[in-house]
């Protein structure tokens, strides 16, 4: 069979997200709801969504809309029908009856439910229909969350379930885990429990919500939203409904009940419209004082709101769980209380909920963006340490067996849910050099892998050293983090700026330039395989690689002007060269500099490979991959295809018109300044960028080398970082995550 036509019934958040991802995969889809206008509105929301649900807005043409009364016959043509309506069983049962009477033979029917058991959904179906019915539980937002749980029963057609799994991996780019029909399946069973433990322990230990979120966040390898921030993001009312479902479905003996009761605070927040970000606020809210927006946090005891404060846990860049839970302060005690309970709960689910404990870890990675699952946490802490740290700990059968075996390591294969050769699997067997604090180098087959491992994979001197050392072989630059690289580590640069050590900054940027240049011109192929953010310095690594194999969920661009700098790791130079190859540039020597001035000056970004192509962030030779798990194997294939007879590119030369094109750029800046779209420092940054892109003090008859251009980049960068207003921009961005216009 094949899936060439899909119908999604229910155009709410999840139905729209599923339809949009089918669009991204070029699968024709019809979106049905009670009224066609509702489906039309959903289609409009998909186009306008932020972050964008579509990798290209033109993909929206793959969606047809209709209503379930007049257009239900479209079901006859569907190979797969996805139900994503409200979580009310009577409505679902009535809908299934209609679908099963109308559908074509052998089509697949699935529900996107996250709470209702499969056996209840299918209880009114014949055994023949049950074979073709399953749960496909997508996570929100569908485009960006990797996890898809397929829930099936013994009666299901196993071949059909495996076919659907392969289709969703290949075409929709999902990490598909097949689950048993148990409450919450895998991801939500552990993820929601973890959230509830983090919340109830914070209340019990009288922590401020900012303190709890600071601990139950990056220090644990969990997204920085923490627990209270995540509650607000999901919706406090929605979370309350999810908990009611768990309370109803789980046996009374399950310890989930200990953390699932609705608290008076949450009840009051919902009743007063404080349902999270979609409402008036939640645990956090935005308030206006003296015309300024201020983020406020609720006090868990007094229930009053106060200006939110930043919590400094005084920890390093690296995540070290053992150090965290060993701290003899309230943060260490909270971390241990939460982590120990999560590990115990997850391990209690083996083997009744899943025989594969590592699938729980992968569900947390793919569905909740954790960097480590509960069992990887246990492995890192050590079973002996875990069991012996707390005499009150009530170990379960899984933990006891590990402890009695006295094994130092117990973790077996990773990512067993997929047959693809992934970085996660290779890391377990490849020879690795971990001497570098910012990046690991793996030796595998006839090439090397470089994996950045700093916060947001920002780049520093050591990151560049790793790239330089690995360039003696063909190389793939890839990682498992949420971001490929958010750019140069601005904290690293600002440490030198505070000391007014401009020479150190100059040395670092020059080292960055020369490293990227070595990647570009060494005798080996360099492939970058980004997912997530590849911005600023991260993009400069891409643009000077031989090839890019990009996940469809990349965000690329040069955004340095936002913090008062210009790209100086070769980004300005290489973007200029790319645009100089355009046909228009052959006729007009000022075309390319002005084009790049516009792209870099505005800090333009692309949110997919398709969007990246018109900016020349990516080129025709680069590849786009829907399934992140395929990035490594696609990069390997590219190396195998290109390595015979490979020759590095020739170094370019530049002919630029100097003051002639610079004058045009200055006119643009003056116009923006008059319109108050930029202020004084925006003018200054723009002028420095213009000076570089115009070739400095040159004329169109003079030839400039790539090194000449690098020197202009470097000089502009150092002059800008010396300025107080640039430093103010950087400090503001680092502390608030938002740009400062000055």
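Every residue, every condition in (1) without any contact (Cβ under 8 Å) to a residue 12 or more places away in the chain; (2) outside any strand (DSSP E or B); (3) outside the structural domain of residue 480 (by TED's automatic domain parsing); (4) buried (at least 23 other Cβ atoms within 10 Å of the Cβ), yes or no:
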| position | (1), (2), (3), (4) |
| --- | --- |
| 533 | no, no, no, yes |
| 540 | no, yes, no, yes |
| 548 | no, no, no, yes |
| 555 | no, no, no, yes |
| 568 | no, yes, yes, yes |
| 576 | no, yes, yes, yes |
| 584 | yes, yes, yes, no |
| 593 | no, yes, yes, yes |
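Residues in region 644-658 that are surrounded by 16 or more Cβ atoms within 10 Å (Cβ to Cβ) and not in a loop (DSSP other than H, G, I, E, B): 654 only. I'd like to check something: does region 66-86 contain any residue that is surrounded by fewer than 16 Cβ atoms within 10 Å (Cβ to Cβ) and under 27 Å from residue 187 (Cα atoms)? Yes, because at least one residue in region 66-86 is surrounded by fewer than 16 Cβ atoms within 10 Å (Cβ to Cβ) and under 27 Å from residue 187 (Cα atoms). Going by the structure shown, is residue 294 exposed (fewer than 15 other Cβ atoms within 10 Å of the Cβ) and modelled with pLDDT under 95? The answer is yes for residue 294. Just so you know, in region 96-115 the residues that are crowded, with 18+ Cβ neighbours inside 10 Å and part of a helix (DSSP H, G or I) include one that is farthest from the chain's Cα centre (by Cα), and it is 100. Condition check: within 18 Å of residue 567 (Cα to Cα) and not in a helix (DSSP H, G or I). Does residue 686 satisfy that? No; evaluated as a whole, the condition is false for this residue.
Taken as a whole, region 409-432 holds at least one residue that is closer than 25 Å to residue 335 by Cβ, in contact with a helix residue (DSSP H, G or I) (Cβ under 8 Å, 6 or more places away or on another chain) and at pLDDT below 90.
Here 722, 703, 713 are screened, and the one residue that is surrounded by fewer than 17 Cβ atoms within 10 Å (Cβ to Cβ), touching a residue at least 24 places away in the same chain (Cβ under 8 Å), under 17 Å from residue 576 (Cα atoms) and in the same structural domain as residue 655 (by TED's automatic domain parsing) is 703.
Pull up region 612-639, narrow it to residues that are within 29 Å of residue 580 (Cα to Cα) and out of contact with any helix residue (DSSP H, G or I) (no Cβ under 9 Å at 6 or more places or on another chain), then point me to the one that is surrounded by the most Cβ atoms within 10 Å (Cβ to Cβ). Among them, the one singled out is 635.
Are any residues in region 26-59 surrounded by fewer than 20 Cβ atoms within 10 Å (Cβ to Cβ), touching a helix residue (DSSP H, G or I) at 6+ places or on another chain (Cβ under 6 Å) and touching a residue at least 40 places away in the same chain (Cβ under 8 Å), and if so, which ones? Once the filter is applied, which keeps residues that are surrounded by fewer than 20 Cβ atoms within 10 Å (Cβ to Cβ), touching a helix residue (DSSP H, G or I) at 6+ places or on another chain (Cβ under 6 Å) and touching a residue at least 40 places away in the same chain (Cβ under 8 Å), region 26-59 yields only 56. Among the residues of region 244-268, the one identified as more than 21 Å from residue 191 (Cβ to Cβ) and either in contact (Cβ under 8 Å) with a residue 60 or more places away in the chain or surrounded by 15 or more Cβ atoms within 10 Å (Cβ to Cβ) (or both) is 265. When residues in region 433-465 are screened for being touching a helix residue (DSSP H, G or I) at 6+ places or on another chain (Cβ under 7 Å), assigned to a strand (DSSP E or B) and farther than 19 Å from residue 532 by Cα, 5 of them pass. Restricted to region 319-333, and to residues there that are in contact with a helix residue (DSSP H, G or I) (Cβ under 9 Å, 6 or more places away or on another chain) and part of a loop (DSSP other than H, G, I, E, B), the residue that is modelled with the lowest pLDDT is 319.
Within region 373-394, which residues are under 20 Å from residue 193 (Cα atoms) and within 34 Å of the chain's Cα centre (by Cα)? Once the filter is applied, which keeps residues that are under 20 Å from residue 193 (Cα atoms) and within 34 Å of the chain's Cα centre (by Cα), region 373-394 yields 373, 374, 375, 376, 377, 378, 386. Does residue 473 fit the bill of being outside the structural domain of residue 370 (by TED's automatic domain parsing), over 16 Å from residue 318 (Cα atoms) and out of contact with any helix residue (DSSP H, G or I) (no Cβ under 9 Å at 6 or more places or on another chain)? Here the answer is yes, as residue 473 does meet what is asked.
The residue list 479, 491 contains one member that is in a loop (DSSP other than H, G, I, E, B) and either buried (at least 20 other Cβ atoms within 10 Å of the Cβ) or not assigned by TED's automatic domain parsing to the domain that holds residue 222 (or both), which is 479. Using the structure shown, decide if residue 309 is in a loop (DSSP other than H, G, I, E, B) and within 23 Å of residue 219 (Cβ to Cβ). Yes; evaluated as a whole, the condition is true for this residue.
Of the residues making up region 214-237, those that are under 17 Å from residue 276 (Cα atoms), in a helix (DSSP H, G or I) and either free of Cβ contacts under 8 Å to residues at least 24 places away in the same chain or out of contact with any strand residue (DSSP E or B) (no Cβ under 9 Å at 6 or more places or on another chain) (or both) number 3. Within region 3-25, the set of residues being in a loop (DSSP other than H, G, I, E, B) and either in contact with a strand residue (DSSP E or B) (Cβ under 9 Å, 6 or more places away or on another chain) or crowded, with 24+ Cβ neighbours inside 10 Å (or both) comprises 3, 5, 10, 11, 12. Right, residue 343: assigned by TED's automatic domain parsing to the domain that holds residue 398, assigned to a helix (DSSP H, G or I) and free of Cβ contacts under 8 Å to residues at least 60 places away in the same chain or not? So residue 343 passes the test. When 226, 235, 316, 276 are checked against the criterion of being under 30 Å from residue 453 (Cα atoms), within 23 Å of the chain's Cα centre (by Cα) and crowded, with 18+ Cβ neighbours inside 10 Å, a single residue qualifies: 226. Checking each residue in region 403-419 for being surrounded by 15 or more Cβ atoms within 10 Å (Cβ to Cβ) and either without any contact (Cβ under 8 Å) to a residue 24 or more places away in the chain or assigned by TED's automatic domain parsing to the domain that holds residue 163 (or both) picks out only 403.
In a residue-by-residue description of region 73-87, the property of being in contact with a strand residue (DSSP E or B) (Cβ under 8 Å, 6 or more places away or on another chain), closer than 27 Å to residue 233 by Cα, part of a loop (DSSP other than H, G, I, E, B) and touching a residue at least 60 places away in the same chain (Cβ under 8 Å) applies to at least one position.
The values are calculated or read from the model by the stated rules, or taken from the named source; none is laboratory data. It should be emphasised that the depicted structure is a prediction, and the values quoted were computed from it without experimental measurement. Positions of Cβ are backbone-derived with ideal geometry, glycine not excepted, and every protein chain shown enters the neighbour counts.
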